[in-house]
Amino acid sequence: QISSVSLRRVLDSRGNPTVEADVLTESGGFGRAAAPSGASTGEYEAIELPANEAIANAREHAVPRLVDTVYAGDQRAVDGALRAADGTDNFSEIGANSAVAISMAAAKAGADVLGAPLYQHLGGAFRGDNFPIPLGNVIGGGEHAKDATDIQEFLAAPVGAPSVEEAVFANAKVHGEAGNILDERGIGAGKGDEGAWAPPISDAEAFEIMEEATSRVSEAVGFEIRFGLDVAATEMYDEDSDSYVYSDEEKSTDEQIEYMVDLVEEYDLAYVEDPLDENDYEAFAEITELVGDRTMICGDDLFVTNVSRLEEGIETGAGNSILIKPNQIGSLSDTFDAIELAVRNEYKTIISHRSGETEDTTIAHLAVATDADYIKTGTVAGERTAKLNELIRIAEDAV
Ligand code: PGA
Ligand code: ZN
């Protein structure tokens, strides 16, 4: 049984306060986890409260329902207690940041009691032995960096990598090679929130650099490296003019679809996340139909890890893959439900970090536990390498 839950404010990678939870059990189990935080958040995400407020409300409402009542290893009971304590359907009372931190910390305490690694506790004995392919953010802008590209993320996708370790290092090499190409072109670049280069260049130039960097590294390492995008198009979409606003032009929905399909064809993109506005299932369905199976059309702001939004996507044929972010929905149980629904309907799953992160490595375990196809967790910043290095350790442990 859970004997205590303590909550504190810690720093995230943007320097903002976020919620960290410690869960202790009577039998001596211990788990610690921290909530991440988004910048290009979806309209339908669970609600992140200011850390102070989330902590105070969770202490008042959630902690008494957990302590001396619920087993840490009984994830459904933990998350049920969090839901009951909150009483809303979007965690706006105790905050999705408190909820997800407690939910993940309880899972770790449950694993600790069993003496099992977290991926084993969450995935069980019948987990498969696949490893997720890491998508690595190489160049970006959008909501993650000012005066950089319009498209938020250009991601390396080392689809041919023979092991998770080689995939992780390939992504780091692509990031390094993109830096070299920027140097060759005399372009200075800082970095965005996730550690991607944030140069003052057009999207067209970013495509050129990605193509060059991935092909150079692919040749060097001897396996296929494709690339993909997170367009985060909800942030570009302007409702009043019903158009997608780029630095130098505006596109109608039809033009946006055509542009995306052209990019997929020209660059053989492996992955396109949120190419359209989060409310436009119909346009998502159209683009999914047009690009075929070789390219993942992924819903992030569209689905927000939410079972009912994914159900609507399945009905309408919107997307063929889903981004999974536990803090978008607020608990691990809800996260698992979304993954299960996706897998049953042949949607690929991509477990993801947020732009504001901590050293917490829960998502690496979640990706392995659920046999996720991909994990999106940056490339070379410390809070990102924490997850990637954990994946390397898990791979070594699990073979
Ligand atoms: P966010 O960005 O964490 O700022 O929402 C990541 C993403 O959009 O995938
Ligand atoms: Zn996204």
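Assorted remarks:
- Convex hull volume per residue, computed on the Cα atoms of the chain, equals 123 Å³.
- Zero-based 10 Å bins, Cα pair distances in the range 149-306, whole percents: 10, 38, 35, 15, 1
- The value of relative contact order for the chain, using C-alpha pairs under 8 Å at least six residues apart, is 19 percent.
- Among residues other than Gly29 with Cβ under 15 Å from its Cβ, the summed charge is -3 (Lys and Arg +1, Asp and Glu -1).
- Spin-label model distance (nm) - Glu312 vs Ala116, 7 Å beyond Cα toward Cβ: 3.6
- Solvent-free Debye scattering, log10 I(q)/I(0), computed from the Cα coordinates of the range 30-153 at q = 0.10, 0.16, 0.22 Å⁻¹: -0.43, -0.91, -1.17
- Think of it as helices only: each DSSP H run of n ≥ 4 in the chain is worth -39500 (n - 2.57), and spread over all residues that comes to -13500 deg cm²/dmol at 222 nm.
- Charging the Cβ of each Asp and Glu at -1 and of each Lys and Arg at +1, and nothing else, the dipole of the chain about its Cα centre rounds to 2400 debye.
- Difference of contour (0.36 nm per residue) and Cα-Cα distance, Asp397 to Glu266: 43.2 nm
- Calculated FRET efficiency, Asp242 to Glu282, Cβ-Cβ distance, R0 = 22 Å: about 0.95 to the nearest 0.05.
- Working note: Cα atoms of the range 166-231, range along each principal axis, descending, whole Å: 31, 24, 18.
- Lys/Arg +1, Asp/Glu -1 at C-beta; the chain dipole; positive extreme among Leu229, Asn320, Gly382: Gly382
- By average C-beta atoms within 10 angstrom, highest first, the peptides 272-280, 47-55: 272-280, 47-55
- Rounded to whole numbers, the Karplus 3J(HN,Hα) couplings from phi for the range 310-317 are 5, 4, 5, x, 5, 4, 8, x Hz, using 6.51 cos²θ - 1.76 cosθ + 1.60 with θ = phi - 60°, and x at Gly and Pro.
- Dipole of the chain, positive end: most advanced residue of Leu366, Ser4, Leu122 [Cβ charges, Cα centre]: Ser4
- P(r) of the range 46-117 over all Cα-Cα pairs, binned every 10 Å from zero, in whole percent: 23, 53, 21, 3
- Between the amide H of Glu278 and those of Thr234, distances stay under 5 Å, these residues lying 5 or more places away or on another chain, with hydrogens modeled in the peptide plane.
- Kirkwood Rh and Cα Rg combined as Rg/Rh, the range 249-399: 0.99
- Here the gap between Glu249 and Phe126, fully extended at 0.36 nm per residue and compared with their Cα-Cα distance, gives a gain of 39.2 nm.
- Residue-count net charge about Arg9 - beta-carbon cut-off 12 Å; Lys, Arg +1, Asp, Glu -1: -2
- In terms of the mean number of neighbouring beta-carbon atoms within 10 Å, the peptides 340-350, 307-317 order highest first as 340-350, 307-317.
- Surrounding net charge for Ser333, when Lys and Arg each add one and Asp and Glu each subtract one, Cβ distance under 13 Å: -3
- Highest average first, the peptides 86-95, 175-184 ordered by how many other beta carbon atoms sit within 10 Å of their residues are 86-95, 175-184.
Taken together, the values in this text are just the output of simple stated rules run on the coordinates, not laboratory data. These numbers were taken from a predicted model, which means no experiment stands behind them. Using ideal geometry, Cβ is built from the backbone for each residue, glycine included, and neighbour counts are taken over all protein chains shown.
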